[in-house]
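Reading through the structure tokens given below for one structure.
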Amino acid sequence: MSSILVYALHNEGAFNKNSLGAVSEGARLAGELGGECHAVVVGEQSGLADDLCASLGRYGAAKVFRVEGPEGLAQPVVDAMAKIIGENGHRYALFGGGLLGFEIGAGLTARLDAGVCMEVTNVRTEDGKLVSERPILQDSSVSDVHYRSDVGVIIGRLNAFEARESGEAGAAVADVDVEFEPHSLKAKMVTRGEQRGADVNIEDADILVAGGRGLGKAEGFETLEELAGALGGAVAATRAVVDAGWYSYSAQIGQTGKTVSPKLYLAAGISGAIQHKVGMQSSENIVAINKDANAPIFEFSDLGIVGDLNKIVPKLTEAVKARKSG
Ligand SMILES: Cc1cc2nc3c(=O)[nH]c(=O)nc-3n(C[C@H](O)[C@H](O)[C@H](O)COP(=O)(O)OP(=O)(O)OC[C@H]3O[C@@H](n4cnc5c(N)ncnc54)[C@H](O)[C@@H]3O)c2cc1C
């Protein structure tokens, strides 16, 4: 049976959207292969209640392997997944992406001498096997990656896989004892949290208000934070402005930043360079404010507003607030 093992990251009693997307995708693919999608969760027992683990069944996981161990660190998860795959014969390991997914996926690949493909944006089945699709050459082309190894490792691009509730019942939960390698326990979690501009997880936000060099100065982000607050969203940024120290690196969208796909991406003072575009082009609705009618961002925006953001953004915030209070 061609089963797929997916790592699900949790924090403070909830799985992150990226992991739920990976479980949904694993379930879809396992279904096409005639197998099952299983998930692995690693953490302190107190934070891994039966209900929480079983809830992955709603996204298509048939079984959840629960491992007691340090939370949010890569090497213990590598140990756990290597053991579970060794005992259960999973053909593929799937990760939703993000730094931890990349680190665990790379470690597991080395441990199992597996084939790996990272930054995957789509996976399809072909002749009873999985084929990973990975954009290359600044996303201008897509390469197909086939696996020859016994285990294939698939690491998605952040948020490439959509979380879909399948309506299934809860998953079966199985406790697994894992003896961690001595080196796996050397790293210690000192603190855990998000370093976000508005203290919001931008990958999970439905609405992003992103700012670029057109803001003119760091203080320009205050007006964006106000608009994002009124809309119930979070603030994102281009590399140009985070490099300039105007905003936090954790908010950077693009080739060397994060990939997001919110319902609304409002870009203010952003030119729309290809390296920025690759991180936000799959947003459901893109609205751009730019004073240059020929700015490239208008070529892939659903709605373009030509004008000075210093005038438009405060008016927009006012209008949103007025509508909410009215
Ligand atoms: C290897 C590599 C990796 C990179 N990775 C990334 C990445 O991950 N993310 C990323 O974002 N970039 C990345 N870049 C940089 C990228 O090429 C661009 O330089 C950057 O995205 C430009 O940022 P920007 O749009 O803020 O600035 P600019 O390109 O300078 O655009 C500013 C825009 O603001 C408009 N504007 C100015 N004043 C106003 C006003 N008052 N009202 C309205 N509009 C105004 C201008 O018309 C202009 O279009 C990378 C580059 C390289 C080479």
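Just so you know, all these numbers are worked out from the coordinates, no wet-lab data involved. Only a predicted model underlies this, so the values are computations on that prediction, with no experimental measurement involved. Glycine gets a Cβ as well: all are built from the backbone with ideal geometry, and neighbour counts include every protein chain shown.
Tabulated data for the structure shown
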quantity: Long-range amide H partners of residue 152 with built H, under 5 Å; calculated: 92, 93
quantity: Equivalent ellipsoid semi-axes, segment 83-236, via Cα gyration tensor eigenvalues times 5, rooted, Å; calculated: 35, 22, 17
quantity: Extent along principal axes [Cα atoms of the chain; Å; largest to smallest]; calculated: 62, 42, 39
quantity: For segment 1-69, alpha-carbon Rg relative to the globular expectation (2.2 N^0.38 Å, N residues); calculated: 1.04
quantity: Mean shadow area of segment 45-145 over all directions, Cα convex hull, nm²; calculated: 7.8
quantity: Percent breakdown of C-alpha pair distances by 10 Å bin, ordered from the shortest bin, for segment 210-253; calculated: 34, 56, 9
quantity: The chain: relative contact order in percent, alpha carbon pairs under 8 Å with at least 6 residues between; calculated: 15
quantity: Dipole magnitude of the chain about its Cα centre (Cβ charges: Lys, Arg +1; Asp, Glu -1), debye to nearest 20; calculated: 820
quantity: D (Stokes-Einstein, µm²/s), Kirkwood Cα radius, segment 221-302, 1.306 mPa s at 10 °C; calculated: 125
quantity: Selected from 312, 276, 322, residue furthest toward positive end of dipole (segment 273-326; charges at beta carbon); calculated: 322
quantity: Mean ellipticity per residue at 222 nm, deg cm²/dmol - from DSSP H runs of n ≥ 4 across the chain, formula -39500 (n - 2.57); calculated: -9000 deg cm²/dmol
quantity: Mean-position separation - Cα centroids, segment 1-57 and segment 136-155, in angstrom; calculated: 22
quantity: Taking 305, 136, 274 and counting other C-beta atoms within 10 Å, the order from fewest to most; calculated: 136, 274, 305
quantity: Mean shadow area of segment 154-195 over all directions, Cα convex hull, nm²; calculated: 6.4
quantity: Net +/- balance of residues flanking residue 104 in space, Cβ distance below 11 Å, scoring K and R +1, D and E -1; calculated: -1
